[in-house]
Amino acid sequence: MGTLDGQALTRAISTISQSDPLIKLIEQVRMGRMQATDAGLRAITESWLGIYEQALSLDGFTRFDLLRLNPAPRLAVLTQAGVLSDEHPGLISLKASYERALSRAVVG
């Protein structure tokens with residue numbers, strides 16, 4: 001378990017979950033009810049990328065915690081749905097933030 005008895009991990013998961021566009025919106029894209037280029041979806045996705053990045057900046061994560069917070073699966077869904085490209089600045093920034101978080105993870 002991480003520093004602070006996993007509190008940082010719990011806070012991060014809660015924060016990310018509250019803003020996660022995948023739960024509701026990607027299904028709308030898949031069903032054809034919303035376009036991947038929809039301005040509202042883009043705005044929500046941009047916000048989610050920033051919130052995820054902020055969550056990763058919290059201190060006290062172990063490497064195990066960070067493996068649970070790995071954004072790669074969600075980013076893959078967003079790119080596969082056409083919402084983000086691999087060159088999107090927010091996607092690149094989030095991946096870099098995750099790598100930085102891994103490099104400063106506490107032992108545990």
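The values are calculated or read from the model by the stated rules, or taken from the named source; none is laboratory data. All figures in this text were calculated on a predicted structure; none of them were measured in a lab. So basically every Cβ, Gly included, is an ideal-geometry build from the backbone, and we count neighbours across all protein chains shown. The area values use the complete protein model at the heavy-atom level, side chains included, leaving out ligands, DNA and RNA. Shrake-Rupley method; radii C 1.70, N 1.55, O 1.52, S 1.80 Å.
Rounded to the nearest 20 Debye, what is the dipole magnitude of region 7-108 about its Cα centre when Lys and Arg each give +1 and Asp and Glu each give -1 at the C-beta? Please report the intermediate quantities before stating the final value.
Numbers: 11 positive and 10 negative charges, 42 e Å.
In debye, rounded to 20, region 7-108 gives about 200.
Restricting to Cα pairs below 8 Å that are 6+ residues apart, what does the relative contact order work out to for the chain? Please round to a whole percent. Let's see the in-between values first.
Details: 114 pairs, mean separation 40.1, N = 108.
Normalised by residue count, the contact order of the chain is 37 percent.
With a 1.4 Å probe and all protein chains in place, put Lys24, Lys95 in order of accessible area, largest first.
Lys24, Lys95
What is the sum of charges, Lys and Arg at +1 and Asp and Glu at -1, for the other residues whose Cβ falls under 15 Å from the Cβ of Leu56? Kindly include the intermediate steps, with their values, before the conclusion.
On the way: positive: Arg11, Arg63, Arg68, Arg74, Lys95, Arg100, Arg104; negative: Asp20, Glu53, Asp59, Asp65, Glu99.
Its environment carries a net charge of +2.
Top to bottom by accessible area (1.4 Å), largest first, where do Arg68, Arg104, Arg42, Arg33 land? Can you show the working numbers first?
On the way: Arg68 135, Arg104 105, Arg42 75, Arg33 160 Å².
So, going from the largest accessible area down, we get Arg33, Arg68, Arg104, Arg42.
Quick one: net charge around Gln80, please, counting Lys, Arg +1 and Asp, Glu -1 for every other residue with C-beta under 12 Å from its C-beta.
Around Gln80, the charge tally is +1.
Comparing Gly32, Gly50, Gly40, which has the greatest mean-square fluctuation in the GNM of the chain with Cα pairs linked when under 10 Å apart?
Among Gly32, Gly50, Gly40, the largest GNM mean-square fluctuation belongs to Gly32.
Given only helices, namely DSSP H runs of n ≥ 4 each adding -39500 (n - 2.57), what is the per-residue ellipticity at 222 nm of the chain, to the nearest 500 deg cm²/dmol? Before the final figure, lay out each step's value.
Numbers: 6 runs with 65 residues, N = 108.
Estimated from H runs of four or more residues: -18000 deg cm²/dmol.
Once neighbouring chains are kept in place and the probe is 1.4 Å, which whole percent of the accessible area of the chain is contributed by carbon and sulfur?
Working: 3360 of 6160 Å².
It is 54 percent, rounded to a whole number.
Taking amide H positions as placed 1.01 Å from N in the peptide plane, with prolines and chain starts having none, which residues 5 or more places from Leu84, or on another chain, fall under 5 Å of its amide H?
Thr79
For Ala76 and Arg63 in one chain, what is 0.36 nm times their gap in residues minus the Cα-Cα distance, to one decimal in nm?
Roughly 2.6 nm would be gained on extension.
Assuming R0 = 22 Å, can you tell me the calculated FRET efficiency for the pair Ser85 and Leu22, based on Cβ-Cβ distance, to the nearest 0.05?
0.85
Could you put Thr15, Thr79, Thr62, Thr37 in order of accessible surface area, largest first, with the 1.4 Å probe and the full protein assembly present?
My answer, sorted largest first, is Thr37, Thr15, Thr79, Thr62.
Cut-off 10 angstrom, C-alpha nodes, Gaussian network model of the chain. Which of Ala39, Ala96, Ala72 fluctuates the most?
Taking springs between Cα atoms under 10 Å, the residue moving most is Ala39.
What does the accessible area per residue of region 4-104 come to in Å², with a 1.4 Å probe and no ligands, DNA or RNA counted?
56 Å²
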